[in-house]
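Structure first, commentary second.
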Amino acid sequence: MPIISPSLLASDFANLQSEVEKINNSDADWFHVDVMDGSFVPNIAFGLPSVKAVSKHAKKPLDVHLMIVNPDKYIDMFADAGAAYLTVHYEACNHLHRTLQAIKSAGMKAGVALNPHTPVSVLTNIIQDIDLVLIMSVNPGFGGQTFIKAAVEKVKELKNLIAEKQASTLIEVDGGVNTQTGAELVAAGADALVAGSFVFKSDDPAKTISDLKAL
């Protein structure tokens, strides 16, 4: 059964507390919180105050995805805000090993996200230091985009790399996830699925989460 991490980016921001409660009362495992700075990606969403607000009501771990430049500056702040997993973009880190060590030193699990154009091979020498790799199956920045099929092959490649290096890294996928694409990703080796619009725009989010959990 995959880990399900509903993305709050697709939730109703005006009723954030009740949306968080919905996820608390579902079969979901984590909360996926996207932080965007309008610079690394062409959108702005969720800053530190929002993460803190979610953390106050969340009864499941916060899976925080930083789509920002200079993530190193904010690591301790996100730890204080309640993040359990902190994922940075490979493309935003000049000194990735140092960044991962800083995340772990702050008491969080360390994740690395790869944009659709970034090959899995860039992680060959560092995979054993990564708790979670987030494969982007859409271009980061906006919810509701169409799934990029090449992500399935990337998951397979990454699974092979993790096995070869005897790492214990989890594979998470974000973007265009539904029961059909989710089934393909789980078959390819994905451990965790991020679903935003598919969950929050459905008639019955709790049932949708259960359906994903059953893949």
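The values are calculated or read from the model by the stated rules, or taken from the named source; none is laboratory data. Bear in mind that the values here come from a model prediction, so they are computed numbers and not experimental data. For neighbour counting, all protein chains shown are included, and Cβ atoms are generated from backbone atoms with ideal geometry for every residue, glycine included.
Does ASP34 fit the bill of being in contact with a His (Cβ under 6 Å, 6 or more places away or on another chain), outside any helix (DSSP H, G or I) and either closer than 22 Å to LEU170 by Cα or not charged (D, E, K, R) (or both)? Judged against the criteria, ASP34 is a match. Look at (1) over 14 Å from SER5 (Cβ atoms); (2) in contact (Cβ under 8 Å) with a residue 40 or more places away in the chain; (3) hydrophobic (A, V, I, L, M, F, W, C) and you find that PHE200 fails only one, number (1). Restricting attention to the range 47-73, the residues that are in a helix (DSSP H, G or I) and more than 14 Å from SER11 (Cβ to Cβ) add up to 8. If only residues of the range 9-22 that are free of Cβ contacts under 8 Å to residues at least 60 places away in the same chain and under 19 Å from LYS213 (Cα atoms) are counted, the one that is farthest from the chain's Cα centre (by Cα) is GLU21.
Here ILE103 meets each of (1) touching a Gly at 6+ places or on another chain (Cβ under 9 Å); (2) under 17 Å from GLY189 (Cβ atoms); (3) part of a helix (DSSP H, G or I) with one exception, condition (2).
How many residues are of a type in the set (A, V, I, L, M) and either over 20 Å from LYS149 (Cβ atoms) or surrounded by fewer than 23 Cβ atoms within 10 Å (Cβ to Cβ) (or both) if we restrict to the range 193-215? Result for the range 193-215: 5. Annotation note: Cβ proximity below 7 Å between a residue of the range 135-154 that is at positive phi and at pLDDT below 95 and a residue that is in a helix (DSSP H, G or I) and not hydrophobic (A, V, I, L, M, F, W, C) (sequence gap 6+ or interchain) occurs for GLY144/SER197. The residues of the range 161-180 that are of a type outside the set (Asp, Glu), under 16 Å from the mean Cα position of the chain (by Cα) and buried (at least 20 other Cβ atoms within 10 Å of the Cβ), listed by number, are THR169, ILE171, VAL173, GLY175, GLY176, VAL177.
Those helices (runs of 4 or more DSSP H) of the range 125-215 in which at least 3 residues are under 30 Å from ARG98 (Cα atoms), considering only elements entirely within it, cover 150-164. Residue by residue through the range 1-23, note down the ones that are of a type outside the set (A, V, I, L, M, F, W, C), surrounded by 13 or more Cβ atoms within 10 Å (Cβ to Cβ) and in a helix (DSSP H, G or I). Matches in the range 1-23: GLU19, GLU21, LYS22.
Quick check: anything in the range 77-85 crowded, with 18+ Cβ neighbours inside 10 Å, assigned to a strand (DSSP E or B) and not charged (D, E, K, R)? Scanning the range 77-85 turns up at least one residue that is crowded, with 18+ Cβ neighbours inside 10 Å, assigned to a strand (DSSP E or B) and not charged (D, E, K, R). Note on the range 92-118: residues that are surrounded by fewer than 16 Cβ atoms within 10 Å (Cβ to Cβ) and either over 20 Å from VAL194 (Cα atoms) or in contact with a strand residue (DSSP E or B) (Cβ under 7 Å, 6 or more places away or on another chain) (or both) total 9. Of all residues in the range 81-109, those satisfying the criterion of being out of contact with any helix residue (DSSP H, G or I) (no Cβ under 8 Å at 6 or more places or on another chain) and of a type in the set (D, E, K, R) are GLU91, LYS104.
Scanning the range 166-180 for residues that are farther than 17 Å from MET1 by Cβ and in contact (Cβ under 8 Å) with a residue 40 or more places away in the chain yields ALA167, THR169, ASP174.
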